[in-house]
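The values are calculated or read from the model by the stated rules, or taken from the named source; none is laboratory data. Values in this document were obtained by computation on a predicted structure and should not be read as measured data. In this analysis, Cβ positions are derived from the backbone assuming ideal geometry, glycine residues included, and neighbour counts consider all displayed protein chains.
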Amino acid sequence: MKKFSRAVLCGFLGAGLALASCAPASSGASGSSGGSGSGSPDAPYTSGDPESDTLVVYFSWSGNTREMAEYIAEATGGDLFEIVPEDEYTAADLRWTDENSRVVQEYEAKQAGTLEDVALRDTTADGWEEYDTVFIGYPIWWYDAAWPVNTFVKANDFTGKTVYTFCTSSSSGLGNSTRNLADMAGSGDWRDGSRFSSGASESAVVAWLEEAGLIA
């Protein structure tokens, strides 16, 4: 079992654990959105205003991301869909300092390219085809979206949808998570949203939505 450097482990801050003592890494955890805003032929990745019919999708273990998702749904009038693993994560599973914990084992498998998709209770929201705008929220795990989100993204067709990501993290920003999810999806217009700290206020979320032109 290889040892993780302090800088790499700090990228897991988005799990909602008490890890505020970790300093941001010099790369991948600067708080920058990480996206250039330019489109690509296979996975559009731009900026602009969404239309109507909004769904807010989120994965949350500690409740931080759920709270942000609820704020977004309230402000936009959108519906909520929670990503729930069939085998839900426990506190012991998420002990990123324990080399034998589930999340560390999964991270090593991810690095080796052998991580299996995390099975979900439900992979598609009712009326999926009717939504034009989709927000997807998640904690940051090692500078990337928590991997249960990958299963949801791979299972759905994002054609014709505008997708905004948002994350919760103690220090790390969205990084390349939006781009990585867009590549997995292979369809849809994916755009960086915002990073929120644990316990961010509803007013902070509304301010972001207003600044981005997502609500009036």
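D144 satisfies every condition listed in (1) buried (at least 22 other Cβ atoms within 10 Å of the Cβ); (2) under 14 Å from L55 (Cβ atoms); (3) among the acidic types (D, E) except (2). If we scan the stretch 192-215, do we find a residue that is crowded, with 23+ Cβ neighbours inside 10 Å and of a type in the set (K, R)? Yes, some residue in the stretch 192-215 is crowded, with 23+ Cβ neighbours inside 10 Å and of a type in the set (K, R). Scanning the stretch 116-167 for residues that are small (G, A, S) and under 12 Å from the mean Cα position of the chain (by Cα), we see that the one that is farthest from M184 (Cα to Cα) is G137. Taken over the stretch 185-211, the residue count meeting the criterion of being closer than 23 Å to E130 by Cα and out of contact with any helix residue (DSSP H, G or I) (no Cβ under 8 Å at 6 or more places or on another chain) is 3. Being of a type in the set (A, V, I, L, M, F, W, C) and surrounded by fewer than 21 Cβ atoms within 10 Å (Cβ to Cβ) holds for only one residue in L120, L94, and it is L120.
Of all residue pairs spaced 6 or more apart or on separate chains, those with beta-carbon atoms under 7 Å, a first member in the stretch 109-121 that is under 15 Å from A146 (Cβ atoms) and a second member that is surrounded by fewer than 15 Cβ atoms within 10 Å (Cβ to Cβ) and of a type in the set (V, I, T) are L120/V84. Looking only at the stretch 128-168, residues that are in contact (Cβ under 8 Å) with a residue 12 or more places away in the chain, more than 30 Å from T97 (Cα to Cα) and not polar (S, T, N, Q) come to 13 in all. The single condition from (1) within 23 Å of E106 (Cβ to Cβ); (2) surrounded by 23 or more Cβ atoms within 10 Å (Cβ to Cβ); (3) modelled with pLDDT of 95 or more that T168 fails is (3).
Cβ separations smaller than 9 Å between residues 6+ apart or across chains give no pair from the stretch 76-103 residues that are farther than 29 Å from Y164 by Cα and in contact (Cβ under 8 Å) with a residue 40 or more places away in the chain to residues that are part of a loop (DSSP other than H, G, I, E, B) and among the hydroxyl-bearing types (S, T, Y). A count restricted to the stretch 34-88 and to residues that are modelled with pLDDT under 50 and either at positive phi or outside any loop (DSSP other than H, G, I, E, B) (or both) stands at 3.
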